[in-house]
Amino acid sequence: MGKLSNNDAIIFVQNNVEGDVVVCNEGLSFWGGVDPNTGVIIDIHHPNCGEQLSGKILLMPTSRGSCSGSGVLLQLAQNGNAPAALIFKENENILTLGAMIAERLFNKKIAILRLKPNIYNLLSLQKSVKIDNLKLYFSSTSINLCQPDLNRIYLNDSDKKMLSGNHGKATKIAMEILCLMAASQNADKLIDVSRGHIDGCILAHDANLNFAEKMLDMGARVIIPTTINAISVDRENWQSQAVAPELGDKASRLADAYVKMGAYPTFTCAPYFLSEKPTQGEVIGWSESNAVIYANSVIGARTQKHPDYLDLFIAMTGRTPNTGVYLEDNRKPSCEIRISLPLKFDESIWPMIGWLAGYKSPNGIPVLIGLEDTVLSNDDLKALCAAFGTTSASPMLHIKGHTPEGELPSTLDAVTSTIRPNDLLNLWQKFNTGSNKIDLVAIGSPHASPVECEKFLKLLLEKNQPVVVPTILTVGRETLSKLKDYGSLNQLSKLEVQIIPDICWCSITEPVFPSKTQSLITNSGKYAHYGEGLTGRNIRFGSLYDCAIAALTGFVNNEPPDWLNSST
């Protein structure tokens, strides 16, 4: 066998494995994209949908989408259905972190490699691969695998004390993995962060609970102000909602574990709408993809899209690798997307533009050009950012004329692309393949804001008709309190609209999710993308007005909205 030594092949988690190659030319979000129990790809919009990953050598450029992919990988490792190895050609954080946790805390190994493109491209043509004793074998080639150099990372005295165990075992593990992640991200030091946001608090699988309780038992505590994402049950009311006791108990234990570690029980996936939120230029350590993208893009705060579990380690230490969009130069756009707007449109255009922007810029930061004379609300920006996160691995975007850094110069090698009305029409049709008979109206992915709830209430009241279809709005606790104060909660309840706190559509399960549902409508581009894979139901997508009409009639129009038809 010929031998090729190459320092451009790095192994971050070691394991001696051999297996068949699966190549994903598009990045994949393991959360919402891979069944955590079987290892089958379930993202219906992904070219490899239906493919089995268990025991395979998975090649893809990088991951994309949700920060919760690390938890899915840990669950797969624990049930024996994980890929044998993951091989990337670009920087990747989410699955890399999941594999590190699986190895360090649970003694489950999944090899993680990053190769230079020329090696990766050669490897992608192979049917099988072997990894053994820091060597990669395929065809008649062997390549030496290098381990990351931890010595190049500068640690201050406080970092060294945490790393040596002076602050306990849990903090020692947190600092060890932070250093490994810093090396994987080519960071040369750690920096302070002022606040955190925990994402691994949804009981999507037992791995999240296993991790949280293991860390709690080891004495983990957060040392910076830290909020908690949406959870899997309405924490205070699940017993009255016919939730299975086992689910309710486990979900509550998971949420409570983070509260016991010192995090605030905010239970929202829209922490940027809280009264205590980051400011422009503030260095934070957030997880949850839509929250990260909104914080970077709209607020102008600074955070990487941290994987689940790393968010806890950051909150425990107040430190994070100095890499990615923490650095000024890395916040420049590398893709310029020129948008041609229809003459007329409604607010459903914004999640579609976000989804398309991610599709056109799957890895780099885009700047959207052509919206300068258009008014965008915070809810519009929320919807755009959330949908963008389903199709792009980037932790942020810019919108010229709207976001704080929208005037940053593009990189010298920036590519250009367009979004035209016909792109919007094609996406609407992609999102609307299900039946037009609606059994459920789903609003609040990410959590609905007070303004969004008030708008929906107004639409219902204007029609002066009874709601005939189960209609659920998921919200954070702070929004629920505001709706009570406004009197809107009472009005919505009288209309038989359910307002449920703490959970969101990414975590809702039966029977809170009505079991007889066959088709649902949502105004969320994020849920339109992930919903069918998560629920097995048909999904329709539309505006808040479309959702209101569906709630009152049980049907939606099969045809695209007039503004889309007339613009193509």
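The values are calculated or read from the model by the stated rules, or taken from the named source; none is laboratory data. This is a predicted model, so every value here is computed, not measured. Ideal geometry is used to build each Cβ from the backbone, glycine not excepted, and the neighbour counts take in all protein chains shown. Heavy atoms of the whole protein, side chains included, go into the accessibility calculation; ligands, DNA and RNA do not. Shrake-Rupley method; radii C 1.70, N 1.55, O 1.52, S 1.80 Å.
Structural remarks
- Residue-averaged [θ]222 nm for the chain, counting only DSSP H segments that reach four residues, each worth -39500 (n - 2.57): -10000 deg cm²/dmol
- At q = 0.23, 0.29, 0.33 Å⁻¹, base-10 log of I(q)/I(0) for the stretch 434-479 (Debye sum, equal scatterers on each alpha carbon): -0.93, -1.12, -1.18
- Label-to-label distance for Ser54 and Asn37 is 1.2 nm, based on points extended 7 Å past Cα in the beta-carbon direction.
- Förster radius 51 Å - calculated FRET efficiency between Asn107 and Asn426 (Cβ-Cβ, nearest 0.05): 0.60
- Computed with a 1.4 Å probe over protein heavy atoms only, the accessible surface of the chain comes to 37 Å² per residue.
- Ordering of 277-284, 60-67, 424-431 by burial proxy (mean other Cβ atoms within 10 Å per residue, highest first): 60-67, 424-431, 277-284
- Rounded to whole Å, the principal axis extents of the Cα atoms in the stretch 1-87 read 41, 26, 23, largest first.
- Tyr486 contributes about 130 Å² of solvent-accessible surface, heavy atoms of the protein only, 1.4 Å probe.
- At the listed q of 0.18, 0.32, 0.33 Å⁻¹, the Debye profile of the stretch 228-271, built from one uniform point per Cα, gives log10 I(q)/I(0) equal to -0.50, -1.14, -1.17.
- Within a straight-line Cα-Cα reach of under 27 Å, Lys360 can be paired with the following lysines, leaving aside sequence neighbours fewer than 8 residues apart in one chain: Lys89, Lys116, Lys305, Lys332, Lys344, Lys382, Lys400, Lys430, Lys526.
- Nearby lysines by direct alpha-carbon distance to Lys189 (threshold 16 angstrom, same-chain neighbours under 8 apart not counted): Lys160, Lys161
- Helix 69-79 vs. the chain, principal-axis angle (Cα, 0 to 90°, nearest 10): 70
- Packing order of peptides 534-540, 507-513, highest average first: 534-540, 507-513 (average count of other Cβ atoms within 10 Å over each peptide's residues).
- Among the listed pairs Lys455/Lys482; Lys277/Lys482; Lys169/Lys277, a Cα-Cα separation exceeding 24 Å is found for Lys169/Lys277.
- The stretch 455-515: C-alpha gyration tensor shape, a/c 1.5 cut-off, then a/b vs b/c: oblate
- Remark on the stretch 346-490: Rg and Dmax equal 17.7, 57 Å (Cα only).
- Angle between the chain longest axis and helix 421-431 axis [Cα atoms, degrees, rounded to 10]: 90
- Over the C-alpha atoms of the stretch 94-228, the Rg to Rh ratio, Rh being the Kirkwood estimate, stands at 1.02.
- Anisotropy class of the stretch 345-417 from Cα gyration tensor, a/c 1.5 cut: oblate
- Carbon plus sulfur fraction of accessible area for the chain, probe 1.4 Å, in percent: 46
- Reachable lysines from Lys516, criterion Cα separation under 18 angstrom, eight or more residues apart if same chain: Lys437
- Principal axis extents of the Cα atoms in the stretch 285-371, from largest to smallest and rounded to whole angstrom, are 51, 26, 21.
- C-alpha long axis of helix 450-463 to longest principal axis of the chain, angle in °: 30
- By average C-beta atoms within 10 angstrom, highest first, the peptides 362-373, 191-202: 191-202, 362-373
- Förster-model FRET efficiency, 35 Å R0, Glu213 and Glu282, C-beta, rounded to 0.05: 0.65
- A Förster radius of 41 Å, combined with the Cβ-Cβ distance separating Asn186 from Ser515, puts the computed FRET efficiency at roughly 0.30.
- On full extension, the segment bounded by Asp132 and Thr418 gains 98.4 nm, given 0.36 nm per residue less the C-alpha separation.
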